[in-house]
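Student: I am attaching a structure below and will ask some questions about it afterwards.
The values are calculated or read from the model by the stated rules, or taken from the named source; none is laboratory data. As the structure is a prediction and not an experimental result, all values here were calculated from the model. Reconstructed Cβ throughout: ideal geometry from the backbone, glycine too, with neighbour counts over all protein chains shown.
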There are 2 protein chains.
Amino acid sequence: MGFEYSEAAQVLSRTPSTLREMLSGLSEAWVNGDEGEGTFSPFEVVGHLVEAETSNWLPRARVIRAGDPSAAFPPFDRYAHRSLHSGKVLSELLDLFARLRAENLREVESWNLTGADLRATAQHPQFGSVTLGQLLSTWVVHDLGHLAQIARVMAKQYREAIGPWAEYLPVVNDRPRPTG
Amino acid sequence: MGFEYSEAAQVLSRTPSTLREMLSGLSEAWVNGDEGEGTFSPFEVVGHLVEAETSNWLPRARVIRAGDPSAAFPPFDRYAHRSLHSGKVLSELLDLFARLRAENLREVESWNLTGADLRATAQHPQFGSVTLGQLLSTWVVHDLGHLAQIARVMAKQYREAIGPWAEYLPVVNDRPRPTG
């Protein structure tokens, strides 16, 4: 698929409600279990998504929109949520994520993006020139990667409980992944 | 986590609504895109979950409940949905899955399972003796593995669109998985 904002928005607008259906009201063992030292629990993934909503996608998109292809993206700390959200409960984070996502989608929709807008560029600290279309596509894939991560992390909590079926269900044997 | 029916049911009861939030109303490109020859689209994953709900989990659990540890599980065809659901639309499959899942959870709840019930066994065609607790745990992990699969398959549709970010988002590079 090539990037089409309307198709991207279908996924982006569903992520908050998908997370709420998946996680809201689960016991602590599901919400706070992780994959071991240095990995994210489902709770932490939601915190990371909140943080990316405020500090990553729209700030970067606005840099590209400003029209200087040599401009650099502002920095993003993928562990910032650990201090920012340590006192919160999951339902607060889910509500906050839903609100921030809706605001961000309204802003992007207000841009009425053209093909030329999507080809505009700025400088990524590692990749060099990247387009607005690539950035907005990455927003979608980042959501989906973290949904897959939450499902995997939850599945692993039952790795011992499933006994011999672990052989047939590779999701419980996957290695932890980079969290970006 | 050890298996506790109440915790397992938290996940099992949420899967139909999670899938509905994630998939209902998406464009065909998201719903029908797969990972290449011989792999499942999100539509096909939902069909497979429906089929497992009728032919896998409860039929196997009933064999264990019948009390003969030498009894063998009935066969399950993991590709049966391809003929069974070829004429259906996604919303029908999502509704059917929700109905079947609710019925199955009501049946399992009616058993008021004890620790001894969960340790009862029957014969898996590959693994030999497996317990009811292992089977019911596997039902949960199977759901989560397929949620992760749907997110991964959708993410891969944007593999080209994200350009250089593919390096940072391993979900788009994952190999297809066994579909059981």
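Student: Select from region A:58-87 the residues that are modelled with pLDDT under 80 and surrounded by 12 or more Cβ atoms within 10 Å (Cβ to Cβ) and list them in ascending order.
Tutor: A:PHE76, A:ASP77, A:ARG78, A:TYR79, A:ALA80, A:HIS81, A:ARG82, A:LEU84, A:HIS85
Student: Looking only at region B:45-77, how many residues end up being within 16 Å of B:PHE97 (Cβ to Cβ) and either touching a residue at least 40 places away in the same chain (Cβ under 8 Å) or β-branched (Val, Ile, Thr) (or both)?
Tutor: 11
Student: Here's another thing I want to ask about it. Does B:LEU100 fit the bill of being more than 23 Å from B:ASP174 (Cβ to Cβ), modelled with pLDDT of 95 or more and in a helix (DSSP H, G or I)?
Tutor: Working: more than 23 Å from B:ASP174 (Cβ to Cβ): yes; modelled with pLDDT of 95 or more: yes; in a helix (DSSP H, G or I): yes.
Spelling it out, B:LEU100 is indeed more than 23 Å from B:ASP174 (Cβ to Cβ), modelled with pLDDT of 95 or more and in a helix (DSSP H, G or I).
Student: For region A:9-23, which residues satisfy the criterion of being touching a residue at least 12 places away in the same chain (Cβ under 8 Å), under 14 Å from B:ALA29 (Cβ atoms) and either surrounded by 23 or more Cβ atoms within 10 Å (Cβ to Cβ) or facing chain B (nearest Cβ under 7 Å) (or both)? Don't jump to the end; show me each part of the working.
Tutor: As a first pass, look at region A:9-23 and keep what is touching a residue at least 12 places away in the same chain (Cβ under 8 Å): A:9, A:11-13, A:15-20, A:22-23.
If we keep only those that are under 14 Å from B:ALA29 (Cβ atoms) too, we end up with A:9, A:11.
Across region A:9-23, the qualifying residue is only A:VAL11.
Student: Given (1) more than 20 Å from B:GLY163 (Cα to Cα); (2) facing chain B (nearest Cβ under 7 Å); (3) crowded, with 19+ Cβ neighbours inside 10 Å; (4) at pLDDT 95 or above, identify the lone condition not met by A:VAL140.
Tutor: (1)
Student: Looking at region B:108-137, which of the residues that are without any contact (Cβ under 8 Å) to a residue 24 or more places away in the chain and part of a loop (DSSP other than H, G, I, E, B) is farthest from the other protein chains (Cβ to nearest Cβ)?
Tutor: That would be B:ASN112.
Student: Another question about this same structure. Would you please name the residue that is nearest to the chain's Cα centre (by Cα), looking only at residues in region B:1-30 that are of a type in the set (Gly, Ala, Ser) and under 21 Å from A:GLN10 (Cβ atoms)?
Tutor: First pass over region B:1-30, keeping only residues of a type in the set (Gly, Ala, Ser): B:2, B:6, B:8-9, B:13, B:17, B:24-25, B:27, B:29.
Now restrict to residues that are under 21 Å from A:GLN10 (Cβ atoms): B:17, B:24-25, B:27, B:29.
Numbers: B:SER17: 14, B:SER24: 17, B:GLY25: 21, B:SER27: 23, B:ALA29: 22 Å.
It comes out as B:SER17.
Student: Look through region B:27-44, keep the residues that are within 12 Å of another protein chain (Cβ to nearest Cβ) and touching a residue at least 12 places away in the same chain (Cβ under 8 Å), and return whichever of them is surrounded by the fewest Cβ atoms within 10 Å (Cβ to Cβ). Let's see the steps before the verdict.
Tutor: Going residue by residue through region B:27-44, those that are within 12 Å of another protein chain (Cβ to nearest Cβ) are B:27-33, B:42.
After this cut, where a residue has to be touching a residue at least 12 places away in the same chain (Cβ under 8 Å) as well, the list is B:29-31, B:33, B:42.
Working: B:ALA29: 14, B:TRP30: 23, B:VAL31: 19, B:GLY33: 18, B:PRO42: 23.
Selected residue: B:ALA29.
Student: Which one is nearest to the other protein chains (Cβ to nearest Cβ) among residues in region B:152-170 that are in contact (Cβ under 8 Å) with a residue 60 or more places away in the chain and among the aliphatic types (A, V, I, L, M)?
Tutor: Top of the filtered list is B:MET154.
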